[in-house]
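Okay, so here's the structure we're looking at.
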Amino acid sequence: MPHVAKIYIYPIKSLDGVEVTQALVLHSGALQYDRQYAIIDAQGKFVNAKRYAKIHLLRSKFDLKSQVVSLQIQGSTTEASFNLEREIPQLEAWLSDFFGFQIKLQKNLVTGFPDDTISPGPTIVSTATLKEVACWYSGLNEDDIRRRMRTTLEIDGVPAFWEDKLFSESEINFKVGNLQFVGVNPCQRCVVPTRNAVTGKVNSDFQKIFIHKRRETLPEWVDKSRFNHFYKLAVNTKLAKEEVGDKIIKVGDEIIL
């Protein structure tokens, strides 16, 4: 039976995630705390892994209950902790020193800062898919791919690429526990998965290999019209219109089409 195996929250966009056993789904469809903060520059543009590979060198730990983030530069033994409700100026100063230019932190409690603003629901991938993709690359394992793809819901009890059932030419309704979601489209990947999530080192062949293998392993039943290219993995979702949010999804919840 398809079921939720893992839930990840990424409180600050582009930084490390937190594995949790349950999450509150907001009225927008977003998971509470996920991408709640975004790092921006003086021009108001995102300072994220797409634009700044240096961000991969930042290790972060979060205490969601107390809203404390602890930051450490890769290879350093020094850790700095900040309360996200009371010490934003101090956090901004620390990040400004790290990046070498002025940094601000923006907050969005409604939708967070998802890449797909039309579909702010959880992104979904299966454990089997992560394992399959890891097999495409020498020296990478399932957790390496997990860290590169940064999805929020991971499902198990299904074969690789089962999550592709959650989209077609039109939107697909499905349930996670007692919540109704809509599968919208396969998630288009960016430059981030081509890099080591810890060091930022680029695998120059990553995208080429991915596109070749994704095309080769695409299930026969998948709606191929949704693939103008094959650098896509996981599914973007949104909350069904009839749902009001503020409900809990948790590890073990069944996925029902």
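Okay, here's what the table says:
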| item | result |
| --- | --- |
| Failed item, numbered, when Val4 is tested on (1) in contact (Cβ under 8 Å) with a residue 24 or more places away in the chain; (2) buried (at least 19 other Cβ atoms within 10 Å of the Cβ); (3) among the aliphatic types (A, V, I, L, M); (4) outside any strand (DSSP E or B) | (4) |
| Residue pairs meeting the criteria (Cβ under 9 Å; at least 6 apart or on separate chains; first touching a residue at least 24 places away in the same chain (Cβ under 8 Å), in the range 70-82; second β-branched (Val, Ile, Thr)) | Gln74/Val198; Gln74/Thr199 |
| Filtered residues of the range 61-81 (kept if over 15 Å from Phe99 (Cα atoms) and open to solvent by less than 70 Å² (accessible area, probe 1.4 Å)) | Phe62, Leu64, Ser66, Gln67, Val68, Val69, Ser70, Ser76, Ala80, Ser81 |
| Residues of the range 190-235 satisfying the condition of being touching a strand residue (DSSP E or B) at 6+ places or on another chain (Cβ under 8 Å), more than 23 Å from Ala49 (Cα to Cα) and assigned to a loop (DSSP other than H, G, I, E, B) | Asp223, Phe227 |
| Qualifying residue in the range 99-113 (condition: within 21 Å of Val18 (Cα to Cα), aliphatic (A, V, I, L, M) and open to solvent by 70 Å² or more (accessible area, probe 1.4 Å)) | yes |
| Any chance Arg146 is at pLDDT 95 or above, outside any loop (DSSP other than H, G, I, E, B), closer than 20 Å to Glu19 by Cα and not β-branched (Val, Ile, Thr) | yes |
| Criterion violated by Ala42 - all others in (1) in a loop (DSSP other than H, G, I, E, B); (2) crowded, with 20+ Cβ neighbours inside 10 Å satisfied | (2) |
| Filter result for Glu171 (at pLDDT below 95, more than 17 Å from the chain's Cα centre (by Cα) and open to solvent by 50 Å² or more (accessible area, probe 1.4 Å)) | yes |
| Residues that are hydroxyl-bearing (Ser, Thr, Tyr) and farther than 20 Å from His3 by Cβ, drawn from the range 122-174 | Tyr137, Ser138, Ser168, Ser170 |
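Results for (1) acidic (Asp, Glu); (2) under 16 Å from Thr152 (Cα atoms), shown as yes or no for each residue.
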position	(1), (2)
Leu218	no, no
Ser225	no, no
Glu242	yes, no
Gly252	no, yes
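The values are calculated or read from the model by the stated rules, or taken from the named source; none is laboratory data. Worth saying up front: this structure is predicted, and the values here are computed from it rather than measured. Ideal geometry is used to build each Cβ from the backbone, glycine not excepted, and the neighbour counts take in all protein chains shown. Ligands, DNA and RNA are stripped out before the accessible areas are found, and what is left, the full protein with its side chains, is counted by its heavy atoms. Shrake-Rupley method; radii C 1.70, N 1.55, O 1.52, S 1.80 Å.
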